[in-house]
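Report on one structure; see the data block that follows.
The values are calculated or read from the model by the stated rules, or taken from the named source; none is laboratory data. Everything numeric in this text was worked out from a predicted model, so none of it was measured. Cβ: placed from backbone, ideal geometry, glycine included. Neighbour counts: every protein chain shown.
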Amino acid sequence: MTAAEFRASFSLHFPDFDLAPKFELGPEMAVLFGASGAGKSLTLRALAGLEKPDRGTIHLNGHALFDSEEEIDLPPQDRRIGYVPQHYALFPHQSVAKNIAFGLHDLPRASRAARVSELLTRMRLEPFADRRPGELSGGQQQRTALARALARRPDLLLMDEPFAAVEEDLRAHLREELLRIQKEFAIPVLLVTHSRAEAYAMAERLVVIREGQVVQTGSRDDVFRRPRTPGVARLMGMTNILQVTVADGSAPEVLTDWGNLKLTIGTPDSYATGSSLAVGIRPEEIRIAAAESQIQPANQLTARLVKDEPQGADHRLQFEINNQLLEVRVSHPEFMSLNLAGGQERTLTVQPSAIHVIPDPD
Amino acid sequence: MLTPLLLSLRVAGLATLFAIVFGVAIAALLTRRHSAPANVADAVVNLPLVLPPTVLGYYLLVLLGARSPLGAWLESVGIELVFTWQGAVVAASIVALPLVVGSTRAALEAVDPDLRDVARTLGQSNTAIFLTIMLPLAWRGLLAGGMLAFARALGEFGATLMIAGNIPGRTQTLPIAIYDSVQAGDLASANRQALLLTLVAVALLVSMRYLGSALAGRKMRDRG
C-alpha cells in the first residue's frame, strides 16, 4: 500500500455518545458506512474542523490539522478540505457561478474567472451559470456543490450522503460521475452513506463505523465477504450468523457441529477441535434445491419455509432450522420456478467456501 | 424651531439608525450563543421591553445628568443630552434596540447553519461570511426589526419626557404635543396630531404586512 495521505485518530465525548474513529485513507474513493446515529456526519464535521475533538490527531499529507498534544487545531479555513454537507448548502441568493467562485476570493480576478469557467465546463454547468440553486435539479445542485468544493483544489473531499437528495434513476449516473471526478483530481474522497448498495457501488475502501468506533476498514470485497465481527457482518448484510463447534479443525475443510447438524467450512486456517466459532453466511449464498437429483456436493440442510417477503426483483425468505431462522434470498423467477409455499420443507445447500468464519465474535 | 412632526421624524429616524447599527452588531454576537455572559447581555438588551418607560427615563436622567461621572464627562466634551432633542434620540434608541436585536437574531438563526460551515471550509473569514451570506439572507428580518423600531421610537413618550422634557420647538415630539394639546383643552390640535401619528402608523403596518407576504411567497417557491 502507498503511504497514507490522510490519517485520523481522535475522540470526542458527548454526554450520551462517544465518538472515537481511527482510520487512514489514500488517494481513493472511500466510503464511511454505518447505521443512522453511528457518528458518520459528526466524523466528517470533525475532520473539516467544524467540531473540535477532545484529543487525538488528524494528519493530511504529512501536516497536522489537529493534534491535541501539540495544541494544533487549524480552523476550517486553513485545512484544505472540501466539504459537501447533506443537502449541499448552496448559497440560495447567489448564482451557480458565484457559488463556485465563493472560495476563490484570494485569487486575482482573472484567474478566478478562469477557474470558475473551467469548473463550469468540467461539471457541465455552463448553461446554468446564472441560475440560482433553487432553479436547479438535484443532480445539477450536486454538481454545483462539488464544483464549489473542488474550486479551491482541496487535498481531501468530504461528502455527506451526496445522493440522498437525488432521484433514484439518476443515482447510478451520478455515482459514475463522482468516481470519474475522484480519479481526475486524484485526492482522497470520503463519502458518507447508510445505504449498503451505495457503499458497495462506490467504495474502493470501506470504513465501517458503529457506535462512534471504526470497527473495520478494508477493500470493499474484503469487508463485504470477510467481516471481522458479527456486528459488521450484519451491517454488511451477512444476516445469517451461526454458532458452531469444531469437530475436525484441519484446513482447508473444517468439519463443525451446528446443533445436531454438520457443516463443512472452507477456510485456509485450522482450528482447535472442540473450540466454538461464529460463522456467517450471506442470504444469497444459500441455494434451495429444486429436486433431489440437483443436489451438489455441499452442505445440505432441511429447513421449513416460514416467511416470504417479496421485494420486487427478489424474495427475502425465512427458513426455520435448528430453532433458528435462516435468511435466504432468491430472484423472483427462481422463486416462481421453485414452486415455494409457506410451511414446506426444502433442502438448502451451502458451499463450504460461502461460510465465513468471523474472527472476533463480540 | 421644528414642528412636533418633523422633530418626531428626526428623532425616530436617528434612533432607528442607531438601533439598527448597534442592534445588528449585538444580534450577530448573540446568535446561537447560550453562554452565561451571552444570556446576561440578552437580558440587559431586552430590559427596555419590560421596564416602565418612566423608570427607564429616570435612570437615563440620573446616568446622563451633570452630577453623574458619565454626564460630567459628556458635558466636558460638549455633549448635552438632558433637555435636548439629542437626549430624546438616546431614549428612543434604547427602547427600540431590543426590537431590532430580537428580529435580526431570529432571522440570523433561521439561516441554515450548514451555509456558514461550508463558507468556513471555503476559506472565508467570519466577518466576510456575515456580510456576504448571513446578512443578505436575513435582511427581511432586519428590515422588519427596523420598522418596528421606527414605530416604537415614533411613539416614545415616557422616557423621552423624563430626559428631554417638553420644550415646544426643541424637544416637544408629536406624542408629547398631543398630551400638551389635551392638557390645554385644544382638542382641534390634538385631533390633527393624533390623526397624523395614526396615518404614519398605518403606513408602517401596511408595509410590514406587504413584507410578510413577500417573505411567505419566497418560502413557497423555495420548496421546489
Could you pull out every one of the helices (runs of 4 or more DSSP H) wholly within the stretch B:1-90 that has 3 or more residues that are within 16 Å of the chain's Cα centre (by Cα) and surrounded by 12 or more Cβ atoms within 10 Å (Cβ to Cβ)?
B:4-30, B:36-50, B:53-64
Any chance the stretch A:316-335 includes a residue that's in a loop (DSSP other than H, G, I, E, B), assigned by TED's automatic domain parsing to the domain that holds A:Val246 and over 21 Å from A:Pro230 (Cβ atoms)?
no
Considering every residue within the stretch B:169-188, establish whether at least one is out of contact with any helix residue (DSSP H, G or I) (no Cβ under 7 Å at 6 or more places or on another chain), among the aromatic types (Phe, Trp, Tyr) and within 14 Å of another protein chain (Cβ to nearest Cβ).
no
Quick check on the stretch B:131-150: of everything there that is of a type outside the set (A, V, I, L, M) and over 29 Å from B:Ala91 (Cα atoms), which residue is farthest from the other protein chains (Cβ to nearest Cβ)?
B:Thr132
I need a count of the residues in the stretch B:105-115 that are part of a helix (DSSP H, G or I), out of contact with any Phe, Trp or Tyr (no Cβ under 9 Å at 6 or more places or on another chain) and either crowded, with 20+ Cβ neighbours inside 10 Å or facing chain A (nearest Cβ under 7 Å) (or both).
1
Assess whether A:Thr349 counts as being modelled with pLDDT under 95, assigned to a strand (DSSP E or B) and surrounded by 14 or more Cβ atoms within 10 Å (Cβ to Cβ).
yes
Looking at A:Ile265, is it of a type in the set (A, V, I, L, M), touching a helix residue (DSSP H, G or I) at 6+ places or on another chain (Cβ under 6 Å) and in contact (Cβ under 8 Å) with a residue 24 or more places away in the chain?
yes
Which one is nearest to the other protein chains (Cβ to nearest Cβ), of the residues in the stretch A:60-72 that are loosely packed, with under 15 Cβ neighbours inside 10 Å and among the charged types (D, E, K, R)?
A:Glu71
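Okay, residues lined up against (1) buried (at least 19 other Cβ atoms within 10 Å of the Cβ); (2) more than 23 Å from A:Pro76 (Cβ to Cβ); (3) touching a helix residue (DSSP H, G or I) at 6+ places or on another chain (Cβ under 9 Å); (4) not assigned by TED's automatic domain parsing to the domain that holds A:Arg124:
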site: A:Ala147; (1), (2), (3), (4): yes, no, yes, no
site: A:Arg153; (1), (2), (3), (4): no, no, yes, no
site: A:Leu157; (1), (2), (3), (4): yes, no, yes, no
site: A:Ala165; (1), (2), (3), (4): no, no, yes, no
site: A:Glu168; (1), (2), (3), (4): no, yes, no, no
site: A:Arg171; (1), (2), (3), (4): yes, yes, yes, no
site: A:Arg175; (1), (2), (3), (4): no, yes, yes, no
site: A:Leu178; (1), (2), (3), (4): yes, no, yes, no
site: A:Val189; (1), (2), (3), (4): yes, no, yes, no
Single residue of the stretch A:79-94 satisfying the filter (within 11 Å of A:Arg148 (Cα to Cα) and out of contact with any Ser or Thr (no Cβ under 9 Å at 6 or more places or on another chain)) that is nearest to the other protein chains (Cβ to nearest Cβ)
A:Ala89
Working carefully through the options A:Ala172, A:Ala164, A:Ala110, A:Ala97, find the one that is out of contact with any His (no Cβ under 9 Å at 6 or more places or on another chain), within 29 Å of A:Arg196 (Cβ to Cβ), aliphatic (A, V, I, L, M) and more than 9 Å from every other protein chain (Cβ to nearest Cβ).
A:Ala172
